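Visitor: Mind having a look at this structure? Questions to follow.
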Amino acid sequence: MSKHRFKGDGGQVPEPAEAPETEELIPVKTDQPECNELLAQKEEELKKSQDRLLRFAAEMENTKKRIEREKADGIAFANETLIRDLLPVVDNLERALEHSEKEADFQSLLDGVRMTLKGFLDGLAKYGCVPFESVGTTFDPNYHEAVMQQEDPEYPDRTVIREFQKGYTLKDRLIRPAMVVVSKVSDDS
């Protein structure tokens with residue numbers, strides 16, 4: 001391809017040269033010494049600014065990589081404290097099983113399981129996870145999942161009369177609704 005363009009009058013005009021990929025400072029000399037001194041100061045300031053900019057960019061890249069690494073570690077080990085606090089519950093269950101294999105005292109096994117359940121619930125409560133009571137409360141579809149309705153003259157209509165599975169909240173946010181039986185008015189009325 002030709003490096004020339006044509007003017008309207010038929011003459012050729014050379015193509016402008018492509019800009020170099022990196023800009024280089026071209027020393028400029030003038031006849032006035034104070035201009036040369038000022039120019040040298042400005043060139044030095046420019047070099048320092050470019051150096052600071054490169055250091056800042058490298059520091060930002062390192063910070064970005066460190067934050068990504070910390071985020072990945074945070075996600076990977078987010079439940080470490082919770083798990084560490086629940087391991088004693090596992091230990092108690094293992095001891096209860098070991099004890100029950102040696103002795104046929106079912107009352108002590110039952111007491112051990114109750115204590116283990118209490119320890120487990122206390123561990124969950126420490127992190128804000130608590131069960132909520134449903135029996136005797138008005139049915140709330142936000143907190144209850146009705147698995148059946150049952151006529152019961154002792155309870156008003158739409159009252160939870162039985163709980164198949166407890167519901168739990170985590171710091172006031174529902175994490176599992178309670179599975180319940182709800183009262184209904186007799187069809188005879």
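Visitor: Protein chains only, probe 1.4 Å: how do 106, 164 rank by accessible area, largest first?
Guide: From most accessible down to least: 106, 164.
Visitor: What are the residues whose amide H is under 5 Å from the amide H of residue 151, where those residues sit 5 or more places off or on another chain and H is modelled from the backbone?
Guide: Here the answer is 184, since their amide H atoms fall under 5 Å of that of residue 151.
Visitor: Something else about it: Let me cross-check residue 171: its accessible surface, 1.4 Å probe, with only protein heavy atoms counted, in Å² to the nearest 10?
Guide: Here the residue's solvent-accessible area equals roughly 150 Å².
Visitor: Next up: How much solvent-accessible surface does residue 91 expose, in Å² to the nearest 10, with a 1.4 Å probe and all protein chains in place?
Guide: Result for residue 91: roughly 70 Å² accessible.
Visitor: If we sort 129-135, 142-148 on the protection proxy, mean other Cβ atoms within 10 Å, highest first, what's the order?
Guide: In decreasing order of mean packing, 129-135, 142-148 become 129-135, 142-148.
Visitor: For the residue pair residue 49 and residue 68, what label-to-label distance in nm results when each label sits 7 Å from Cα along the Cα-to-beta-carbon direction?
Guide: 3.1
Visitor: Among DSSP beta bridges lying fully in region 51-189, give the percent that are antiparallel, nearest 5.
Guide: Roughly 65 percent of the DSSP beta bridges within region 51-189 come out antiparallel.
The values are calculated or read from the model by the stated rules, or taken from the named source; none is laboratory data. None of the values given here were measured: they were computed from a predicted structure. In this analysis, Cβ positions are derived from the backbone assuming ideal geometry, glycine residues included, and neighbour counts consider all displayed protein chains. Protein only, heavy atoms only, side chains kept; ligands, DNA and RNA dropped before computing areas. Shrake-Rupley method; radii C 1.70, N 1.55, O 1.52, S 1.80 Å.
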